[in-house]
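Comments concern the structure below.
The values are calculated or read from the model by the stated rules, or taken from the named source; none is laboratory data. Every value quoted in this text rests on a predicted model; they were computed, and no experiment measured them. Heavy atoms of the whole protein, side chains included, go into the accessibility calculation; ligands, DNA and RNA do not. Shrake-Rupley method; radii C 1.70, N 1.55, O 1.52, S 1.80 Å.
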Amino acid sequence: PALARPQVAPVPAMPPAGTQRPAASALPAGAPQVSVSGGVYSRNRAQRMVIVNGQVHGEGAQPVEGVTIEQIEADRAVLTWRGQRYTVPY
């Protein structure tokens with residue numbers, strides 16, 4: 001008997017170079033504005049970094065008072081401010 005082929009979900013298209021992707025979640029009301037201009041993702045957490053307001057930071061850092069970099073993912077940073085999580089794409 002023939003084996004069934006697995007279903008493969010389509011991969012969303014990447015936006016054209018130079019275009020801004022929308023944030024995955026909204027900036028909490030009153031949270032300080034931060035500019036995330038780039039990042040490096042690695043399976044090794046110690047090697048992950050993002051550029052926030054022109055400075056390089058790793059997970060756990062507070063680039064702006066009250067804002068913590070909770071996690072760095074392949075295309076966004078997960079930040080917390082006053083217990084509220086939000087994401088910023090880069």
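Numbers for the structure displayed
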| item | result |
| --- | --- |
| Subset tally (residues that are farther than 14 Å from Gly39 by Cα and either modelled with pLDDT of 95 or more or outside any loop (DSSP other than H, G, I, E, B) (or both)) for the range 76-90 | 5 |
| Count of the range 48-69 residues which are charged (D, E, K, R) and open to solvent by 30 Å² or more (accessible area, probe 1.4 Å) | 2 |
| Single condition Arg82 does not satisfy, out of (1) over 12 Å from the mean Cα position of the chain (by Cα); (2) open to solvent by less than 70 Å² (accessible area, probe 1.4 Å); (3) not small (Gly, Ala, Ser) | (2) |
